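Please read the structure below before turning to the comments.
The values are calculated or read from the model by the stated rules, or taken from the named source; none is laboratory data. These figures come from a predicted structure and were not determined experimentally. So basically every Cβ, Gly included, is an ideal-geometry build from the backbone, and we count neighbours across all protein chains shown.
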Amino acid sequence: MTTGVKSRLHAKTRLGDRLFRSSTLLSGVIILAVLAAVSLFLVLQSVPAFVAPAGSLPAGATNFWDYVGPLAFGTVWAALLALIMATPVAIGIALFISHYAPRKIAQALGYVIDLLAAVPSVVFGLWGATMLAPAAQPIYAWLNTYMSWFPLFGGQASGTGRTILTAALVLAVMVLPIMTAVCREVFLQTPRLHEEAALALGATRWEMVRTAVLPFARAGIVSGAMLGLGRALGETLAIAMVLSPAMVYSFLLLTSINPNTIAANAALQFPEAQGIGINTLIATGLVLFIITLFVNTAARIVVNRRKAYSGND
C-alpha cells in the first residue's frame, strides 16, 4: 500500500515537472517568435524606404540615410546627456538609502522612488514644457553670455528654454527612479562580511563603500544604467512635448535649433504620413530597434565580464 502511494506521488511530481518544463519552453519560444515577427515586419516594411528614389522621401531627403542620420544622432545624444546627469545622482541616492539613511527614512524614500517610476511620461512632458523650460531659460541665457567659450554653450540661446538640454533633463528625471531602484538592490546585496572586514581594518564609512560596496556592485550599476539608457532611447511623448526639433546635427545645448529623436519624430509625423512616408517612419523604427539591441548587447557583455570580480554566479 505504501509503495503504491509513493509511486503515485512520484508520478504526479514527474508530470508536474514535465508541465512546468513545457510551459517555460513555450514561453521562451513565444518571446523569440514575437521578436522575430516584429523584426520581420520592420524589415519588410522598411525596404521601400531603403530603395526610394531621391526626392520622394520626407523633408526633401536625397536618400533614407540622409533622413534618418540626424534623428539617430539626436536620439543617442539626448539619451547620453540624460545618462550622464542621472547616473551619479542615482548612485548617490541609492547609497544614501542603503548605507546612510535611518531605517524609517530609507523605507519612505524607497517607496517614493518606486512611485516615481510609475508616473506616466505625459506628466513629465507637461512638467518639462510648462515649468522646467521657462524656469531654465534665464539660466541658459546666463550660460550663453558668460560661458559661450565652452563649445556646448555656444550659438544663440533659445528664448523659450525648449532645448535639447531641457529634454535631456526631463529624460534624466524619468530614468532616475529605475536606475536608483536597481542600484539600491545591488548595494543591499553586498556581502556583509566584506563590509565588516573593511571596517575592522580601520576604514571609514566612505572607504568601506569605495572598497567593498562599489566594486561588488559595478555590474549592477552598469545594468541599471543600461536600463535607464534603454528607456531614454525609446521615450516619445515627453520629448515631443518639450523639444523644438529640427533635422540637424548639433552638439549645442542651448539653442532653439535642436536635433530630433527617432521616437518623437515618428509620433509627430505618423498621423499625416502616407505612402512612402509611412515606410520611412517604420524604417526609422528599425534603426532605433538596432540601436537598442546594440546597447543591450554591449551591457550584457560588460555585466558578464564583471561577474567574476563581483562574486556573482
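Worth pointing out:
- Lone qualifier among L199, L193, L143, L169 - being assigned to a helix (DSSP H, G or I) and in contact with a strand residue (DSSP E or B) (Cβ under 8 Å, 6 or more places away or on another chain): L143
- L152 meets the stated requirement of being under 12 Å from T255 (Cβ atoms) and in a helix (DSSP H, G or I).
- Listed by first and then second residue, the pairs with beta-carbon distance under 6 Å, at least 6 apart or on different chains, first residue in the range 200-226 and under 14 Å from A181 (Cα atoms) and modelled with pLDDT under 85, second surrounded by fewer than 21 Cβ atoms within 10 Å (Cβ to Cβ) and aliphatic (A, V, I, L, M), are S223/V303.
- The range 115-139 residues that are farther than 15 Å from S256 by Cα, paired with ones that are of a type in the set (G, A, S) and surrounded by 15 or more Cβ atoms within 10 Å (Cβ to Cβ) (beta carbon under 6 Å, 6 or more apart): S121/A238; F124/A238; G125/A238
- Residue selected from the range 169-220 under the condition under 30 Å from F124 (Cβ atoms) and charged (D, E, K, R), by the criterion surrounded by the fewest Cβ atoms within 10 Å (Cβ to Cβ): E185
- Whichever residue in the range 302-313 is more than 17 Å from the chain's Cα centre (by Cα) and of a type outside the set (G, A, S) and, among such residues, is modelled with the highest pLDDT: N304
- Condition met for N279 (buried (at least 17 other Cβ atoms within 10 Å of the Cβ), closer than 22 Å to A52 by Cβ and in contact with a strand residue (DSSP E or B) (Cβ under 9 Å, 6 or more places away or on another chain)): no
- Flag if A79 is modelled with pLDDT of 85 or more and either outside any helix (DSSP H, G or I) or surrounded by 15 or more Cβ atoms within 10 Å (Cβ to Cβ) (or both): yes
- Across the range 93-109, not a single residue is classified as out of contact with any Gly (no Cβ under 9 Å at 6 or more places or on another chain), within 21 Å of M226 (Cα to Cα), surrounded by 16 or more Cβ atoms within 10 Å (Cβ to Cβ) and free of Cβ contacts under 8 Å to residues at least 60 places away in the same chain.
- Any chance T24 is part of a helix (DSSP H, G or I), farther than 19 Å from L293 by Cβ and either touching a His at 6+ places or on another chain (Cβ under 9 Å) or modelled with pLDDT of 85 or more (or both): yes
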